[in-house]
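Here is the structure we will look at.
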Amino acid sequence: MANVDTTPFNLVPQEWAFDPEVGPFVQELLDVIWQLRLRTGGDIDRVASSITEIEAVSVTSSDSLYGHIGTINNEQAFVAGYYVAGDGGGGTFYWNASSTASDDAAIIILPTGHSGAGRWIRIYSDALNVRWFGTKGDGVTDDTAFIQAALNIGGNILGVFGDVYRTTARLLVGDNTHLDFNNATIHKNWIGSSCMESTKAQTTWDNVNISLRNVKFVDEGDAGRGGFGKFTGVDNFVMDNVWVYASGAYDGVNGAHAFNISGKTIRLSNIFIDNIDCGLWGDGIHFYYVEDLVLTNFVIRSGDDSIALHCPNAGFSSSGKNLVSKNISITNGACTSATASSIRIGGDTLAKDNQVFQNVAICNITSLKDSSATDGQHFHFRDYRVGAAIAEKHNNIRISNMQCLGGSPTGLFNLLGNADVTIYSAQKNYGSIYLDNISFKDTDTSTRIAYGGACEKLVVSDCDWSALKINTGTTLDLMQISELVFLNTDIVTDTSANSLVLRWMPNFYSDGLRLRGKTRQFRGVLLFLNTDISTGFIMLGGEISSVKNALTTINTGTITDYIVEGTDIHTITSAVVPPVITATRKSVRLLDGQIYFNNVGSVGTGVTAFETGDKGNHRTALTLSSTVSSAITGGSAQGVSRKVYEFPAGAIIVDSAYMSVGVTQTDGNINADTPDVGLGSLPASGAISILGGTPAFESYITGQTAANCTGTATVKTASPTAGTPFVIEAGGGHNVYFNLADTWAASGDAGALLTGTIVINWRFLE
């Protein structure tokens, strides 16, 4: 209860104060007035002009605060400023006759020459103002010690709007400290990392309840000054409306992370970082172990990785380096990296510890890569653990609604694991990764979109990876993914190599995957087999266009399912080698759409094949640009040939055939010859002038008289053997020859050319 005999209480009639009904209300009201009086300096007993003046109070007089130590408990004084009146460092003090607290020149004042109990105590309600501790905020004065003095007390600490605090050493932040600089600026004028740092060890979560708000960090000088904040091992950390500008690299070459952060319950919002000139190691925000992290509303321009969820190496003393980081949300931001990645998950080549990241959601991000960049991806996964070291997997990572603009030689993303993903391993570094609604439209520099694997499940859905100028290499080179899924995704590229290479995939599934070439020369899907695994391939809907080879397998292995349904596969111009599927399979279902069937035959020298069909019926279109297999000696009858095709093993029925083939001399001797030409199952040979003497020389199309040997095509359509389908037993000959016979003009021809088209319709019975 306040003293009712003291102003303002002595202005209230005592009968009011002690009335049983009105009294409690009056007493409460008077208590409020008393507190206001204390806080505002009202009814002040003494006035001092500065903090120094209070400290220098003499013990010689009891009348004046200037000349006396306080003699009345709760006696008050008002200080007009810290250095001078009106500088913001003043306030109201009261005399505490029993206090023996240490003098801090801001909150507790010990008069000069005084010994024993008795201190002037600053009256304040909640937050500490750094001006009370002596900061000038003029950008010239070294304010380091004054800010640190406030930090040593902790609690709520306020800066002053418009102030510029010059610092020359690290600021240490303790527990239960909440900094709000009111949009003031901290100038870092020293070379070294961490302008501000949590105080305790990094190995446990000894740091608790720290927040940093409304401040701008700036490097002074052209040399660069390193990092700005190291808040590690913090349980409950908040950072809001924080700006960073770094002028250069830490040592002229290598930078330092703008912020290093680890701990639990982390909330970061409204973050702007520009350290793009800081070079290698100049990360934006570098996270180590984190649990329950939210980062939202940010712009980061970095020299190295913009945002790194990092697994530290074995020699790094980071809190939780062998624990699972989890429950991470990164949303609504923009990133630019000069030399590395916008977003990175994982460690470096030395990171063999089992720290992993799980339950990660990255959403609504714009990533920008400068066309001059020589390295780095828009997002990057890296984990070099192998074998037994993979106790936990990076798992349940979802990147969605990300717009990626510009490119580099290393493309959109890498997914690296098992130290070397080009060697098959059943052990996987990653669990499930989901890529949803990601736009990547590089226009000039990338050599690929993605590379890597070592993942249990990768799902790509509703992505637009188009308008790409990938001049060399494979567009997507993915490997060791137990379950790979593409849904409603467009991939367009200029590459003349492979669009989608799949290495050692137990299960591939796509629905609405569209692979399109811009130069009309790329390959579609190249499927690498491996004897250690069985491969299932299912492709539904979608498109493969402008290709040399649509679907191709390589190496030895088992295909359990090979299903292509409703997929439009085609070329645009005849100048492109037609697509072909080559694979050994157990089951194939080809329905709807335009599809080119696997298990087809092989072509002869100088011949290309365009294969279409379904499980039983096939159409083989052959394009010839070849020569006859032997020279025409001339001056006599002679049969010559060129093998154009070999049916696959098994029982075959040939229903019909078509040819439009011209013969063109090369030596100028047989121009006027009109040879007998046809298609047979055996090569024409011997001293013959017509093919009819041996049925097998014209088993598919009987001999037709060519108009000349100057390139005029001989055109004929036939159902073999007088309208009866031609049957090839499983053990019979499976070859198709273009045959010629004539009594040739003298000198003959060393290499007569064959050009044109042959089409064979056939059925495969086994």
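The values are calculated or read from the model by the stated rules, or taken from the named source; none is laboratory data. Source: prediction; values computed, not measured. Every residue, glycine among them, receives a Cβ derived from its backbone with ideal geometry; neighbour counts consider all protein chains shown.
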Original post:
In segment 510-529, is there at least one residue being crowded, with 19+ Cβ neighbours inside 10 Å, among the hydroxyl-bearing types (Ser, Thr, Tyr) and at pLDDT below 90?
Top reply: no
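Might you let me know whether segment 737-759 holds any residue that is within 30 Å of Asp667 (Cβ to Cβ), touching a residue at least 24 places away in the same chain (Cβ under 8 Å) and in contact with a helix residue (DSSP H, G or I) (Cβ under 7 Å, 6 or more places away or on another chain)? Let's see the steps before the verdict.
Start the filter on segment 737-759 by keeping residues that are within 30 Å of Asp667 (Cβ to Cβ), which leaves 737-758.
Now drop any that are not touching a residue at least 24 places away in the same chain (Cβ under 8 Å), which leaves 737-758.
Imposing the further condition that a residue be in contact with a helix residue (DSSP H, G or I) (Cβ under 7 Å, 6 or more places away or on another chain) reduces the set to 739.
Yes: segment 737-759 contains one or more residues that are within 30 Å of Asp667 (Cβ to Cβ), touching a residue at least 24 places away in the same chain (Cβ under 8 Å) and in contact with a helix residue (DSSP H, G or I) (Cβ under 7 Å, 6 or more places away or on another chain).
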**OP:** Tell me which residues, restricted to segment 375-385, are at pLDDT below 80 and out of contact with any Lys or Arg (no Cβ under 8 Å at 6 or more places or on another chain).
**Re:** Asp375
Subject >> Residue within segment 143-163 that is among the hydroxyl-bearing types (Ser, Thr, Tyr) and surrounded by fewer than 19 Cβ atoms within 10 Å (Cβ to Cβ) present >> reply: no
**OP:** State all residues of segment 478-497 that are on the phi < 0 side of the Ramachandran plot and modelled with pLDDT of 90 or more; if no residue qualifies, say none.
**Re:** Leu478, Met479, Ile481, Ser482, Glu483, Leu484, Val485, Phe486, Leu487, Thr489, Asp490
**OP:** Output the number of residues of segment 243-253 satisfying the condition of being modelled with pLDDT of 90 or more and surrounded by fewer than 24 Cβ atoms within 10 Å (Cβ to Cβ).
**Re:** 1
Subject >> Selected residue [within 14 Å of Tyr509 (Cα to Cα) and at pLDDT 80 or above] from Ile554, Ile544, Ile538 >> reply: Ile538
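So that you can scan it fast, the table gives a plain yes or no per residue for (1) surrounded by 15 or more Cβ atoms within 10 Å (Cβ to Cβ); (2) under 23 Å from Gly601 (Cα atoms); (3) of a type in the set (S, T, N, Q); (4) out of contact with any strand residue (DSSP E or B) (no Cβ under 6 Å at 6 or more places or on another chain):
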site: Ala657; (1), (2), (3), (4): yes, yes, no, no
site: Asp673; (1), (2), (3), (4): yes, no, no, no
site: Glu698; (1), (2), (3), (4): yes, yes, no, no
site: Ile701; (1), (2), (3), (4): yes, yes, no, no
site: Ala707; (1), (2), (3), (4): no, no, no, yes
site: Thr712; (1), (2), (3), (4): no, no, yes, no
site: Thr717; (1), (2), (3), (4): no, yes, yes, no
site: Thr743; (1), (2), (3), (4): yes, no, yes, no
site: Ala752; (1), (2), (3), (4): yes, no, no, no
Original post:
Can you find a residue in segment 125-139 that is within 21 Å of Val242 (Cα to Cα), touching a Gly at 6+ places or on another chain (Cβ under 6 Å) and not basic (Lys, Arg)?
Top reply: yes
